[in-house]
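Visitor: Can you read through this structure? Questions will come right after.
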Amino acid sequence: MITPNLFNTILIIPFINILLALYHLFLILKIPYAFGFAIIGLTALIRLALHPFFHQQFAMARKMQAMKPELDKLSQKHKGDKKRLQEEQMKLYKQMGVNPASGCLFAIIQIPIFIALYQVLSLFFLKGGVSKMVNEVNKIVYFSFLKVSSLDPMFFGINLGVSPQQFQKYGVYYLAIPVITAILQYYQVQTTTPAQPKPSAPSPAQEKTALLKKEEKKGDTDYAQKMMSTQMKFIFPLMIGWFSYTLPVGLSLYWNIFSIFSIVHAKKKLDI
């Protein structure tokens, strides 16, 4: 049951109404697989609404990447004086027009929206299935014409309410869904992470010095963070791929549309 609390009133119920409005629109236009396209439409609308935040986040990441050599120099110069290091870092941020706290603000704004969208889809696919949720959603629609008598979960021969782990019952081709989802997530991470600038070819003496420094840095926090970041490029897509395997396909559809939007946005930014 959809309880009338603040979170549901502000996000969950409006999202359900938009989803049903898109579903009815596609039915009027006689577009097949209307419910699947309604999920795509809702995800796309939310992603477009969040576009300014993603745009600023990406621009901030590019600036931070450009600043990294200067930040590394400051870390070396003021290694033993944390207070002075923080002061110099703040000066550099101000000079470059970067607000480190803004990244957290963007994440905070996005998190409840992502949770709401996930919960909306979960209502249809996890809590009793599509058919059992019809009566529940009909109670909270804004207009009577948005009410539905049934919802067809099929989308190009795939049941959006079925998880790929049920492939033995529904078809082995369901296994392609978590693989595609994991690949898209990996590609999203790759395209949305600013590339490290390529250093010029070092001399033999510089190579030797670099190797010694690399050994020294293996215990440093910066080195550990870099290794963790590299590992997450593979771990996060594998996690999403596993979720996609165990959860209904309708949720994978939402993840994949978000990934495609993020990849296209990142590609456009890189081409500028």
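Visitor: Would you check which residues across region 71-103 are of a type outside the set (S, T, N, Q), under 22 Å from T192 (Cα atoms) and not in a loop (DSSP other than H, G, I, E, B) and list them?
Guide: Answer for region 71-103, where residues must be of a type outside the set (S, T, N, Q), under 22 Å from T192 (Cα atoms) and not in a loop (DSSP other than H, G, I, E, B): L71, Y93, M96, G103.
Visitor: Additional query: Return the residue satisfying two criteria in turn: it lies in region 101-158 and is over 21 Å from G41 (Cα atoms) and charged (D, E, K, R), and of such residues it is modelled with the highest pLDDT.
Guide: Restricting to residues being over 21 Å from G41 (Cα atoms) and charged (D, E, K, R), the top hit is K139.
Visitor: What is the number of the single condition among (1) under 29 Å from V137 (Cβ atoms); (2) without any contact (Cβ under 8 Å) to a residue 24 or more places away in the chain that I46 does not meet?
Guide: If we test I46 against (1) under 29 Å from V137 (Cβ atoms); (2) without any contact (Cβ under 8 Å) to a residue 24 or more places away in the chain, just (2) comes out false.
Visitor: Output the number of residues of region 19-70 satisfying the condition of being under 22 Å from L121 (Cα atoms), modelled with pLDDT under 85 and surrounded by 17 or more Cβ atoms within 10 Å (Cβ to Cβ).
Guide: Result for region 19-70: 1.
Visitor: Just name the residue that is surrounded by the fewest Cβ atoms within 10 Å (Cβ to Cβ) out of those in region 147-194 that are more than 13 Å from S259 (Cα to Cα) and among the hydroxyl-bearing types (S, T, Y).
Guide: This residue is S149.
The values are calculated or read from the model by the stated rules, or taken from the named source; none is laboratory data. All of these numbers come straight from a predicted model, not from anything done at the bench. As a convention, Cβ positions derive from the backbone with ideal geometry for all residues, glycine included, and neighbour counts pool all protein chains shown.
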